[in-house]
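Asks: Quick one: this structure, given as structure tokens, is what I'll be asking you about.
Read-outs throughout are calculated quantities, based only on the coordinates presented, and are distinct from any laboratory measurement. Just so it is clear, the structure is predicted and the values come from calculations on it, not from any experiment. Using ideal geometry, Cβ is built from the backbone for each residue, glycine included, and neighbour counts are taken over all protein chains shown.
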Amino acid sequence: MNTLITTAAGALAATVGVVVGGLVTRRSQDRHWLREKQLAAYAELLGHYAQFTMVLKRAHADRQGWDYEWGEWSAALVSASIVSPPKVAAEIIDFAQAVNTFLDRASVDTTEHALTAHEFEQASMAPAAAQLNLINAIRRSLGRRHGALSEAIGGSLGPSLTG
């Protein structure tokens, strides 16, 4: 009888271990999948922002026309907001609002009414600050070891290769 109880207890413990191990592994895989999706969505969103601000900046500087596929920007906003935690989602909203204000000012006929470099920089201040806030919220959501940045790279005001 003791052997039977010992064997049954061992089998039960092994079964519980397998079930718990499976749940822990599944949870870890889900977190890893979500983190990958978040990083890809954030990269796409910030990439679109950097791209269209550089297009606009160059169009104003050269007094030439420009075009951008705004559906991709909108889709990037939606994608990032779907996978982001609440604090990052709130920063995405603030960022999108700052970008819309910027676009109201900078989306003019750049061949006839181009902004000066100073005017473009002034129009870019709010979205650049919102971009930095968003990046820092993203970094905080990734863990404590990712400290805050003091300056954004790329986008409308940050250092870039195209000036």
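Asks: For segment 34-142, with the dipole built from +1 on Lys and Arg beta-carbon atoms and -1 on Asp and Glu ones, taken about the Cα centre, which of Ser141, Met125, Met54 lies farthest toward the positive end?
Replies: Highest projection toward the positive end goes to Ser141.
Asks: Can you give the net charge of the other residues whose Cβ lies under 15 Å from the Cβ of Leu134, counting K and R as +1 and D and E as -1? Before the final figure, lay out each step's value.
Replies: Details: positive: Lys87, Arg139, Arg140; negative: Glu44, Glu91, Asp94, Glu151.
Computed value for this residue: -1.
Asks: As an exercise, use a Förster radius of 25 Å and the Cβ-Cβ distance of Tyr68 and Glu121 to find the FRET efficiency, rounded to the nearest 0.05. Kindly include the intermediate steps, with their values, before the conclusion.
Replies: Working: r = 20 Å, r/R0 = 0.79.
Working from the Cβ atoms, E equals 0.80.
Asks: If you line up the long axis of helix 86-106 against the longest principal axis of the chain, both from Cα atoms, how many degrees apart are they, to the nearest 10?
Replies: Relative to the chain, helix 86-106 is tipped by roughly 10 degrees.
Asks: Loop only per DSSP, at most 15 neighbouring Cβ atoms within 10 Å: give me the trypsin sites (Lys or Arg not before Pro) in segment 39-77, ordered by residue number.
Replies: Values: sites: Lys57, Arg58, Arg63; in loops: Arg63.
Filter output for segment 39-77: Arg63.
Asks: On to the next question. Direction-averaged shadow area of the convex hull around the Cα atoms of segment 1-89, nm²? All intermediate terms of the calculation are to be shown ahead of the outcome.
Replies: Numbers: hull surface 32.3 nm².
In nm², the orientation-averaged hull projection of segment 1-89 is 8.1.
Asks: From Cα pairs below 8 angstrom and at least 6 apart in sequence, can you work out the relative contact order of segment 34-142, rounded to a whole percent? Intermediate results must be reported in sequence, preceding the final value.
Replies: Values: 87 pairs, mean separation 36.0, N = 109.
With pairs under 8 Å counted, the relative contact order is 33 percent.
Asks: Let me ask something additional. With charges set only on the Cβ (+1 for Lys and Arg, -1 for Asp and Glu), what does the dipole of segment 34-142 come to about its Cα centre, in debye to the nearest 20?
Replies: Charge dipole of segment 34-142: 540 debye, to the nearest 20.
Asks: Okay, moving on. Based on other C-beta atoms within 10 Å, arrange Glu121, Glu44 from fewest to most.
Replies: Working: Glu121 14, Glu44 17.
With the sparsest Cβ surroundings first, the list reads Glu121, Glu44.
Asks: OK, next. From the mean inverse distance of alpha carbon pairs (Kirkwood) and the Cα radius of gyration, derive Rg over Rh for the chain. Mind showing how you got there, number by number?
Replies: Values: Rg = 24.1 Å, Rh = 18.6 Å.
Ratio of gyration radius to Kirkwood radius for the chain: 1.30.
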